[in-house]
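Working notes, structure below.
Read-outs throughout are calculated quantities, based only on the coordinates presented, and are distinct from any laboratory measurement. These numbers come from a predicted model, not from an experiment. Cβ placement follows ideal geometry from the backbone for every residue including glycine, while neighbour counts extend to all protein chains displayed.
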Amino acid sequence: MAKTSKKADELGGPPVSVDIAELGSDALPKNEEDVEPTLSAFFGHNKVRLAAFLTSVKKAKISRFTQSDESNAWELMNTNDVSGERLWMLLSQSNLPDAVNRWVWPITQSRLATIVGGRFDPLNQTTAESLSAIRDFIGSAAFDPSGRPDIDNWGRIGIRWLMEKRSVDTWQVADELGRHLFKSLSEARRVASRGIERGRSSEFMQIVAMAAMAKGIVENAQRERDTERQTALNLREQLSRANKEKQSLESRISDLSDQLNAKSAELAKAHAQLEAERHHAGHDLIETRSAQQALLRDRIAPLLSDAVDALEIEPPAPDVALRRLKNIIAIIEKANQ
């Protein structure tokens, strides 16, 4: 299977299998069965076919590589796979034996930390920060006099790891790296046009796929924008109705408050009037009682005393007693007028 174009891979296209024949045939074993099912063999001084190594691991039914093999492989990678070419061959496969798949992702993270440096620290970074570290690492190739093709290769390895282990979206990779790799939209358009017009079929399909993805993202964004606009319009209408209801309630509350104040004033006035009348009535009662007591003491009591005396003397004088009683009756009648 052919390798994808450089720019297509940089933009985060799906991993594809590398043509393992590119590793050369001079150093390959004549018999593929001679390849040991170990990581040390794959990363050894003599290059081996990827297919032969994977077949050997499957036939040996290895579930996990030994610790010593993994340690040796790490040392050999530092010597024989500085560019990450062999590691990328493993990562570009869609289906790896369990033992290889279990080993390759942690070791890739460790290798990236070594190659990229402290800028790549996914355990203490957000996914966006890790992606930015890979982007800056790829961008450093532009300032390297030798061109450093291995930088692009390790950049692809970093993107592959992020997409697999941090679920970075394809378009997120394309957007992040595209702004860094292309100085302008016209430059990106020229590269895409060249791939469409003169590129290989794999390049053509990948560029078309990215364009379709971009169109879908734009359409989704437009739908979300329209939905947000409609939601905002509905909220504004609801807010307007709420404000009107608020104003109506405030007016009603104001009217009720005025009525309450008026009734309170009337009640206070009635209470004051009642207290005044009660006080006045009590004063009148006292005056009436005082007048009655004076009337009984000063006028009626003496006349009654004379009438009684007139009846008790010898001989009695009933005519005098009668006159005194009539005088009493006259006084009472006059007091009631």
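What does the net charge come to around residue 327 if you take all other residues with beta carbon closer than 15 Å to its beta carbon, with K and R at +1 and D and E at -1? Don't skip to the end; give the middle numbers.
Details: positive: 299, 323, 324, 326, 334; negative: 298, 306, 309, 319, 333.
The answer is 0.
Pop the C-beta distance of residue 78 and residue 125 into the FRET formula with R0 = 25 Å and round what comes out to the nearest 0.05.
Working: r = 24 Å, r/R0 = 0.97.
The formula returns an efficiency of 0.55 here.
Pop a pseudo-label 7 angstrom from the Cα along the beta-carbon direction at both residue 229 and residue 36 and give the gap in nm to one decimal.
Here the modelled spin labels are 6.8 nm apart.
Give the calculated FRET efficiency between residue 166 and residue 190 to the nearest 0.05, with a Förster radius of 30 Å applied to their Cβ-Cβ distance. Spell out each step's value before the answer.
On the way: r = 32 Å, r/R0 = 1.05.
Taking R0 as 30 Å, the efficiency between residue 166 and residue 190 is 0.45.
Gain in length, residue 70 to residue 136, computed as 0.36 nm per residue apart minus the alpha-carbon separation, to one decimal in nm?
Working: separation 66, 0.36 × 66 = 23.76 nm, distance 2.99 nm.
Going from the current span to full extension adds 20.8 nm.
Identify all aspartates and glutamates with a Cα-Cα distance to residue 269 below 19 Å; exclude those on the same chain that are fewer than 8 residues away in sequence.
The qualifying aspartates and glutamates are 258, 277.
Roughly what % of Cα-Cα distances in the chain sit above 31 Å, to the whole percent?
Values: 35066 of 56616 pairs.
Distances greater than 31 Å cover 62 percent of the Cα pairs.
Assuming 0.36 nm per residue, please report the length gained on full extension of the stretch residue 288 to residue 269 beyond their Cα-Cα distance. Kindly include the intermediate steps, with their values, before the conclusion.
Working: separation 19, 0.36 × 19 = 6.84 nm, distance 2.80 nm.
Extra length available between residue 288 and residue 269 comes to 4.0 nm.
At a 10 angstrom cut-off on C-beta neighbours, averaged per residue, how do the peptides 46-54, 301-309 rank from highest to lowest? Show your work: numbers first, answer last.
Details: 46-54: 18.9, 301-309: 15.0.
Those peptides, ordered most packed to least, come out 46-54, 301-309.
Any idea what the relative contact order of the chain is, in percent, if you count C-alpha pairs under 8 Å spaced at least 6 apart?
Working: 241 pairs, mean separation 43.9, N = 337.
Relative contact order of the chain: 13 percent.
Would you tally the net charge around residue 74, using a Cβ to Cβ cut-off of less than 11 Å, leaving residue 74 out, and scoring K and R as +1, D and E as -1?
Working: positive: 111; negative: 69, 70, 75, 81.
That sum, taken over residues with Cβ under 11 Å, equals -3.
Based on a Kirkwood Rh over C-alpha pairs, give the Stokes-Einstein translational diffusion coefficient of the stretch 244-337 at 25 °C and viscosity 0.890 mPa s in µm²/s. Could the numbers behind the result be given before it?
Details: Rh = 18.7 Å.
The calculation lands on 131 µm²/s.
Given 257, 206, 84, which one lies farthest toward the positive end of the charge dipole of the chain, if we put +1 on the Cβ of every Lys and Arg and -1 on the Cβ of every Asp and Glu?
Of 257, 206, 84, it is 206.
Would you mind ranking 66, 127 so that the residue whose beta carbon has the fewest other beta carbons within 10 Å leads the list? If you can, show how the numbers build up before the last one.
Details: 66 12, 127 15.
The most exposed by this proxy come first: 66, 127.
Could you tell me whether the stretch 115-232 comes out rounded, prolate or oblate from its Cα gyration tensor? Rule is a ≥ b ≥ c as square roots of the eigenvalues, rounded for a/c under 1.5, then prolate if a/b exceeds b/c, otherwise oblate.
Working: a/c = 2.10, a/b = 1.24, b/c = 1.70.
Oblate, because a/c is 1.5 or more while a/b does not exceed b/c.
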